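The values are calculated or read from the model by the stated rules, or taken from the named source; none is laboratory data. Everything numeric here is computed off the predicted structure, so don't read it as measured data. Reconstructed Cβ throughout: ideal geometry from the backbone, glycine too, with neighbour counts over all protein chains shown.
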Amino acid sequence: MGRVKIPYYIIKGGRGFWNPTAIMKHAGFASVPCGPDGPEAWAIAAVWNERWRAYRHGSSAPRWAVGSLGEAFERFRKTETWARKAPKTRQEWDAMWRLHISPYFGDHRPAAATLDRLDKWYALLLRDKGVREAHRAMKIWRALWRVAGAMKYCDPDKDPSLGIRRKTPTPRSAV
């Protein structure tokens, strides 16, 4: 493959990633897996570069695709229900969204999240992050699915993640 210079695009093990800086992460952007290195991955990275540029310049360009899970989450964050959540709860939702959910599902319609995709995602989380983090991410996914369903982005009763049995973290035993 020829060399292509795309800002914030890196290659790890033959797979491309759009890798934001610390400032970008503070603004809410997260690392985005773009797939195998090639023209399709470059196109995904270019889209994210354009989103970052629009954010930096205060453009009104939407950060998420219309009808996507990212758009649903952004709308939810503007509600009174979100404001009434405890700060720790909002912090947990933001962390799970930024680190685990948005890179894989944020730009897609909720219906694109099939049981197969969710199962692979959950297996990756178990392998790379551990039982506790995977359990928390799945908990937030399921709550977010219900929120997206209430906003008419999907059918709240057809969450494909319900076909996955979560592993429960070891309970704390300190007294």
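This table checks each residue for (1) out of contact with any Lys or Arg (no Cβ under 6 Å at 6 or more places or on another chain); (2) outside the structural domain of residue 79 (by TED's automatic domain parsing); (3) in a loop (DSSP other than H, G, I, E, B); (4) buried (at least 17 other Cβ atoms within 10 Å of the Cβ).
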| position | (1), (2), (3), (4) |
| --- | --- |
| 125 | yes, no, no, yes |
| 128 | yes, no, no, no |
| 136 | yes, no, no, yes |
| 140 | yes, no, no, yes |
| 146 | yes, no, no, no |
| 152 | yes, no, yes, no |
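Table: residues versus (1) of a type in the set (Gly, Ala, Ser); (2) at pLDDT below 85; (3) in contact with a strand residue (DSSP E or B) (Cβ under 7 Å, 6 or more places away or on another chain).
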| position | (1), (2), (3) |
| --- | --- |
| 39 | no, no, no |
| 57 | no, yes, no |
| 66 | no, yes, no |
| 69 | no, no, no |
| 72 | yes, no, no |
| 79 | no, no, no |
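Of all the criteria given as (1) over 18 Å from residue 159 (Cα atoms); (2) over 13 Å from the mean Cα position of the chain (by Cα); (3) among the acidic types (Asp, Glu), the one not satisfied by residue 74 is (2). Assess whether residue 137 counts as being of a type in the set (A, V, I, L, M) and more than 14 Å from the chain's Cα centre (by Cα). So residue 137 fails the test.
For the range 44-100, the set of residues classified as surrounded by 13 or more Cβ atoms within 10 Å (Cβ to Cβ), among the aliphatic types (A, V, I, L, M) and assigned to a helix (DSSP H, G or I) consists of 44, 45, 46, 47, 54, 69, 72, 95, 96, 99, listed by residue number. Any chance the range 15-26 includes a residue that's in a loop (DSSP other than H, G, I, E, B), of a type in the set (Val, Ile, Thr) and without any contact (Cβ under 8 Å) to a residue 24 or more places away in the chain? Yes: the range 15-26 contains one or more residues that are in a loop (DSSP other than H, G, I, E, B), of a type in the set (Val, Ile, Thr) and without any contact (Cβ under 8 Å) to a residue 24 or more places away in the chain.
Residues of the range 63-97 that are in contact (Cβ under 8 Å) with a residue 12 or more places away in the chain and hydrophobic (A, V, I, L, M, F, W, C): 64, 65, 69, 72, 73, 76, 93, 96, 97. Would you mind stating whether residue 30 is part of a loop (DSSP other than H, G, I, E, B), out of contact with any Gly (no Cβ under 8 Å at 6 or more places or on another chain) and either surrounded by fewer than 18 Cβ atoms within 10 Å (Cβ to Cβ) or touching a residue at least 60 places away in the same chain (Cβ under 8 Å) (or both)? Here the answer is yes, as residue 30 does meet what is asked. Scanning the range 27-61 for residues that are polar (S, T, N, Q) and either touching a helix residue (DSSP H, G or I) at 6+ places or on another chain (Cβ under 9 Å) or closer than 23 Å to residue 95 by Cβ (or both) turns up 31, 59, 60.
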